[in-house]
Structure formats: C-alpha cells, structure tokens
1. Short version: ³J(HN,Hα) in whole Hz for each residue of segment B:294-309, in order, from phi by Karplus 6.51 cos²θ - 1.76 cosθ + 1.60 (θ = phi - 60°), x for Gly and Pro, what are they?
2. Lysines within cross-link reach of residue C:217: Cα-Cα under 18 Å, excluding same-chain residues under 8 positions apart?
3. Quick query: amide H of residue C:82 versus all other amide H atoms, modeled in the peptide plane; which residues come in under 5 Å with a sequence gap of 5 or more or a different chain?
4. Stick to Cα atoms and the Kirkwood definition of Rh, then tell me Rg/Rh for chain B.
5. When ligands, DNA and RNA are left out and all protein chains stay put, how many square angstrom of accessible area per residue does the protein assembly as shown have with a 1.4 Å probe?
6. Which of C:132, C:76, C:163 sits closest to the plus end of the dipole of chain C, meaning its Cα is farthest towards the positive end, when Lys and Arg get +1 and Asp and Glu get -1 on the C-beta?
7. Return the inverse of the average 1/r over all pairs of distinct C-alpha atoms in segment B:113-239, which is the Kirkwood hydrodynamic radius, in Å to one decimal.
8. Give the A-B buried accessible area in Å², both sides summed, 1.4 Å probe, nearest 100.
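The values are calculated or read from the model by the stated rules, or taken from the named source; none is laboratory data. It should be emphasised that the depicted structure is a prediction, and the values quoted were computed from it without experimental measurement. Glycine also receives a Cβ, built like all others from the backbone with ideal geometry; neighbour counts cover every protein chain displayed. SASA here: full protein model, heavy atoms, side chains in, ligands and nucleic acids out. Shrake-Rupley method; radii C 1.70, N 1.55, O 1.52, S 1.80 Å.
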Amino acid sequence: MMGLKDVLPDVMTEFPEMGRADIRDFKKGIDGAFKDFVREYGELIEGFFYPLKIFLSWFERLLVATPWPLMIIIFAVLVWLGARSWVIVVGTILASLLIGYLGMWEDMMKTLALISVSTFVCIAVGIPIGILMSKSDRMQSIIVPILDFMQTIPAFVYLIPVMMLLGIGKAPGLIAVCIYAMPPVIRLTDLGIRLVDKDVLEAADAFGASPSQKMFRVQLPLALPNLFAGVNQTIMMALAMVVVASLIGAQGLGSNVLKAVNNQYLTLGIMNGSAIVAIAIVFDRVSQKFGKRLQKHSETVHG
Amino acid sequence: MKRLLATSAVLAATLSASAAFAECGDIQMAEFNWASGELLANVDKFILEAGYGCNVELIVGGTTAIFAGMNEKGQPQIAGEQWVNALRDLLDPAMEEGRLHAVNKAPILGLGEGWWIPEYTAKAHPELKTALDFIEHPELFPDSEDPSKGAFIGCPAGWGCQHVNNSLFRAFDMEAKGWKLIDPGSAAGLDGSIAKANERQENWLGYYWSPTSIIGKYNMQSVPFGVEFAGSENWDSCIVVEDCPDPKPTSWVKSEVFTIVTDDFMKNGGEINDYLAARVYPGDVMGSMLVYMADEQAAGEDAAIEFLTKYEDVWTTWVSEEVAAKVKGAL
Amino acid sequence: MDDNSIEVKGLYKIFGPHGEKYIKAVQDGMSKDELNAKHNHVLGLKDINIHMPSAKIQVIMGLSGSGKSTMIRHINRLIEPTAGEVIYQGNDICQMSKADLQEFRRHKTAMVFQKFALLPHRTVIDNTLFGIELQGIGRAECEEQARHWLKRVGLEGFEDNYPNQLSGGMQQRVGLARALTNDADILLMDEAFSALDPLIRMDMQSILLELQEELHKTIVFITHDLDEALRLGDRIAILRDGAVIQQGTGQEIVLNPADAYISDFVKEVNRGRVIQVDTVMTEKGKRSKTSVESGTSLENVAKMFSDTGENTAKVVDADGKAIGGITMKATINAMVTPATH
C-alpha cells in the first residue's frame, strides 16, 4: 500500500532543517558570546550579588547557630503574631520537634534561610515591578510575556547561565528560586492595583492626592489582599524550587531529597519531602491568616 | 563420516548463527547519563542494530539507579560503562551469586578518578606538586561564600564518590587546615563550577574523573596524592563508608569499569556477549571523542556516528567482517 | 468676604480619542447623533455657560446622560475639557499646571460622591481626615478637625468603625464630614444624596442647609430630583443632552418652564413650597392688619390664612415696611398647577 509519504515531495516529508553544521555554528556562536560576556562582566555581576550572598550566608549561620529551643520559641512567637491561632502554633512546634528529632534540624534551618531570603528578595523586587506594570498598559504588555517565560521555562535551562555567572552554592540557588517564584507577586500586585475601585481613586484625585500619595495611601493598601495572595504563592513556589536549587549546591532539605532520588533512599526522600511540606503548610496558613487579619475592615457588621 | 560431521558442524554453526540473529530481538541497554556513557551506549546501539539486527532500547540513568534495576529487576540487561569501585559491596555478591556477569572488565582504557586542578593553576604554582602540597594552601582556592576558607569541590550528594571525598577530606585533616568541603549538588553543578573557574581563570581544586569531556576540554591536570595507596582494607571498609571513624590518608584506588550483563542475557545473548567482550576503547580515542562531544555539543547519537566514521580501524576489530560491512552500510 | 463664584464659559466636552479634532464642527452646529455616527465620538457637554454665585447653592439638574456629572468634574478638572473656560478668582482652572491643579484641589475644593467613595481600609476618622492629611497637616490637628466635623454631622462615637460597618446614610455623612474637614471654599456634591432612602435624604438635605447657613460655601450640587433641586438650590441649571436648557431660581423655573420638557418636570412639583409670596403679591390687601414676611413660601401663607381665619394679608420687607398684599384666592390659584403650558 502506498503511504502518504510516497506521494508527497521530499520537502513535505522531511522538515527543511537548517543543516547540521549551521546549527552547530549557531549554538557555538551563542555559547561563545555568552562565555565572552562571562569573562567580561562575570566579576561585576558576582560583585553585584555579593552583599546578598554574604547576607544569606550570615542568616543561614545565624539560624543554624541559634539553640534549637530558642528557635522553636521564635517560631511560635512569629506564628502567633502572624496567625493568632493556637492550633497553628501548636502544629508548628510539634512539626519542628519532629523534624529535629528525625535529624533534619540543620537542613531545615538551611532551607528556611534560603526560603526567607528568597521571599524577601522576590517581594523587594517584585512589588515595585508590579506597581510599574499597573501604571502602564504598555509596561504590562512587555512584562507579562517575560513572566510567562520565567514560570514555564524548565529551571535546568537557566541554571546553566546562572552557574556560569555565579558559580555554585547558595547565591545562584537563590537566583534560580527567585526566577521561578517571583512572577506571582508581580502579577498579583499588578492585578490588585488595577482592581482598586475607580470611584475611590477618583475621590483621591478630587482631594488632590499626588501620584505617590495615591499609590501608598489608596492603591497599595487596597491591593493588599491580592498582594498577599501573591506573596503566599511566591513562598509556595520557592519551597517547590529547593530541590532544583540543590542541584547547583544549595544545601538543605532539597539536597537530601536529591540524594534520596540518586540512591533510591525511599525513607530519606519521604522524610525530607514531608519536612518541606510541613514548612509549606505553616507558611501558607500563617500568611493566609495574616492576610485575612489585614482585611478586618471588610467584615460586614451592618447588612 | 568425518565429512558428514564436519558438514553438520558447519550447518549447526550456521544454524545457530542465524538463530542468534533471529533471536536477538529486543534488548534493553543502560545509557549512563554522562558523556562517555552516552557515547558507549549509542555506539553499541548502532552496531547491535545495524550489524546484528537487534532492537535496542536505551534506558537513561545513573550508576546506582541502573545497578539497582539490573540487580533487582533484571532490567536493563546491559550496562556498558558500570563504574564498580563505589558499588563493590553490592556488585561482588551479585556476581558471586550469578545474578550479574562482567563480560568485559576494561571496556575503556586509561581511567581514573581523583583530584584535579586547572592547567593554569599548575603552571602558576610549579612548587606545589601533590595533594599534600596543595592542602597547605587553602588561600589559593577561596570559597565564594566564606573567602577565609579554601573551597574543595567534592562529589555531588548521593554519588558513590561522596563518601570517598568526605573520608579523604577528614583523612588529610583538611578542615583544620582551613578547607571547606563543597557539595556541588549535581553533575551539572560540578561541571559548572569547573567551567566557571576556567572561564574566569580562577583556581579550582576538586574531584573529577577521566576520561571526560570536561577534563579534555579544559585540560585539567590530575593531582597525585603524594601518599601511597593505603591498602584495600582501609579503602573498602573505611574510605568508601559514610562517617568512618578513622580514615587513613591514601591515594585513590585504581578505578575499574566493567561492562556487566544480567544472568539471563549472559545465557541467551549469544554472540552479542562476544561483541561486548571485544569492544575496548583506547584511552586517547575516548578522550578525543569526549572533547569532540563537548566542542560540538554532540548528543550521544551524533557522537556515535562520528566515532564510527572516524575510528573505523578501532571498531572493525571488535566485530566480524560481515557485521562490519553491515554497519558501514548503515552509516 | 472673598468672591468664590465660579464662571463657566463656553465649555465643550467631546469624549473619544481625538475630541479636539471635531470641536470646530460641533461649534458650527454638528449634532450629537451626527458626531457619533460619523466620527464615533460622543458629545458630552455643549457650550455650557453658567455663573455660579459665591456662597450660594448652585444646583445642576438633569436626567442620567444629560452631562451633569461630566459638568461637575470640570470644576476640579477630573475631566479635561475639550474647549472652554472655568474661571475661579481670575484663574482658568482648565489652564492650570499639574502642580497648581493639585494645590487647587487640595485647598479650594472638596467633593462628595454618589457612591460615597470612602476608603474601605480606613476607619471613619481616618477617612474624614483623608483630605487634610494629603495637605500635609500634622496628625493631631487632622484628628481634631475630623472629630469636630464628625460631631457636626452626627457621627460622634463612630470614629473607629470601618465604613462597611455603617449604613448608607451614615457613610455619606462620613463623605460629607470628609469634604467639610477639608475646609475648602467650593463644595462639589455629585448626586450626593441620590443613593439614600427618601427619609434619610431629607435628613441630609436639612443638615446641608443648616451647615450652609453658617458656612456660606459655594456649593455645586448635582441631582436628578427636582424636589431636591428646588429645596436646596439658590440657582438651578437644567441640563439635557449636554446643553443647558434653562437656568434661574427655582421659582423662575417652576413659574416659567422654558419648554415642554421642563414643564413635564415641574408638573409634579409642590408649587406652594417653591413659590414665594413676593411672586404673586399685588396691591390688593396691602393695608391688611395681618402681615407675612417677604420670601415666605405660599404654603406657609396658606397655613397662616387657615390659622388666623383672615382672607388678606400685607407683605412686609425686613424693616417691616409693607411692599404689597396677598389674598387667599391668589395664593390658592398660584399653588395649583396650571392645566396647560
């Protein structure tokens, strides 16, 4: 029987490719350009991230060095301040004790350091970008595709340039985490600001609010619920990235998971994976409750 | 009678040969996830498919994952480049019990695991000759996160070599001398750290193995340890074990790579096993292939074709003329 | 006292991306429909000329789509005009720089909105001081002012509530207190009471009139309700399809509606409450013993007749001098809606 392939001309059945040598030159050209870039600016870029690296190292050492009972008290206090719920406080204490008892205390501290600093960086960079984006439709149309790209491109692809620029360790791990985890906070800042009631904005204008007064006294406070949803998602995504970050030498629970995968250590994998889940649950509940408490004005008493 | 016997022997041989052809069928072969592993697997796949009419499925994985699969499930059936040092405890009983067989105990010549430095580091410090010399100078290899310490790049967590480097790190008392043992996280992390150091002309000291693309590409120099191999007792029961209490300084054990097959395949693989036993890559050939792969960013499949085209004199000695002709025809 | 009158001159607004391109055509007589059909632009305001007197309540009335909300937003330039001037104390608001406009909005105007437009995340007191806070006044003074005005609008004790814990009427009192706290000469009220229940609306109207007696602000009040317009307005301008079709005092409009559209409007109005005795007085009855003050509404005159049993009365001015007379018959005649117009 004659197949379709026999009838059609070659050009239809074989994709007209660029040619092996051309593709090779193309790849080598871009690689070469990037290597030149690394040689030229590598040190500058590394210098730029140096304070972050020092801070992260310091913070990690601080968490690891703090005696565990003190650390658990600090957790409990922070959780209480955030969530005002005894259930969550008790859950946090039990989870910490269990994680420590199972020998993962130090790794948990390392992971917490990475997540906290990543979240901080994502917020510090993401919110201004979100604000910028909310102010102009053109800006939004430029940034949205970049965010899509950041969220969907496999992390392994950007690990290569990040590593070439910053080597291995915590700092490149943090950058990798932030590339993936930052988009939600940007998106939801933008959305939150754009959803602010037009009537209220008009009132602010009518009373002569300057653009910055409008942003900080009206738009951002009213965008806060959405913004917080963004922060929450960012934390969750950062936690999801700790295993990937450990591929380039970020230590913590993630590297144990990686080790477990490499060696089929079933229990090690489950233990460290569960510890990550426990941290995620605590972060999620606390940030959700905190976000809700920020909105106590929306509790309707009058019908 | 003699003639008859001879005739029947020839007939039987022909029959069994054709039977082997007919029986070859589906083979599951490991493709180790590093460059030489990729090349080896893809060359085997090409020759077995074109020359022997097999249908080869490649299963990608790392040392321990592939070994576990073969040892416990009998799949894949062939592992071309199984590094055995780290697996000795598991591999020896498996071979003794007849679950696995080494059909080739040296498929690649000129192997070595150990510690390496970039060429420029060696040139800049000709007075430092051995690992013993280098570990006195952590200041030459500052850690980026804590520049007061020297960075020794170990083996990614979960790899067999991790415990070895941990033990050697302690045996040479490196922590007290101002060193930090860095876990690069993954193969990509380890390679990336070498690549970054070389692009930026920074000093680097750490673990790697040869022949590999990255060693060839950056012309990394192997560092002699400056001590003798302190015996397999120390090595097998301490150095390779996690948190061994008293590791003694030693040079790296001689690395061994086997081609191993499952018991089932040993019995039924027929002349495929003969091929596997005959297939030996000289060290320089493998080295230049790996540099080619790195430079051209060639995948295993492309590299296999390059090898078969360029090193015909090497691989044609592994197979019969008939098979060689078929493989050449398929190129 | 400063002259806080506002002069609107030849104001046009064409909505759409290139409004200015069609202004000439509109000035030359292109109709709203034609503009829409040919150029897909909407004519919002057309040649508006209103003199809004200082320290009085100017009502701008019209049905939805008449352009009244567009009109009021030109006074603090929340909407950019396509052509025309809005003059206040010798300056054209339409020509102000951004910085001047911001200052003008902060110090000279305050606005009350139909949907209250309170900040949901701020307490009542923080909402009230929002305007002066923007001016950069210290927190303590802001709070003092805010408390004062909250008390004046009857919201003492609700300072720490959030807006959505309050009823609509109470929320609009916060809106009013916010505007008053700003201490601006011009008060812009965009259908400020339209969203409220009738009784509460009356209540708010009374509060406004009471405050105005003491404050003497120039108030621009937008409404679609003629009763409200007549009750509050010292002067009323009626808008239809973006153009002023009649302006004057409430009495003038009720007695002499400019066209059928307006007479339709005024038909249902309680004329006795709008028309003042001065409008219908004659010489007849000028010598009566009983007297009514100039400016008394006919409703009150009728009540007086019914209370006293008299049939005639003299109309006296503020000094007690008789300026005319009124009879019961004339009063009742004037109070009844004429059958035709």
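1. After applying 6.51 cos²θ - 1.76 cosθ + 1.60, I find 5, 5, 8, 6, 7, 6, x, 5, 5, 4, 4, 5, 4, 4, 5, 6 Hz.
2. Within reach: C:56, C:108.
3. C:12, C:13, C:14
4. Computed over Cα atoms, the ratio is 1.04.
5. That works out to 47 Å² for each residue.
6. In chain C, that residue is C:76.
7. Hydrodynamic radius (Kirkwood, Cα only) of segment B:113-239 equals 14.8 Å.
8. Adding both sides of the contact gives about 2600 Å².
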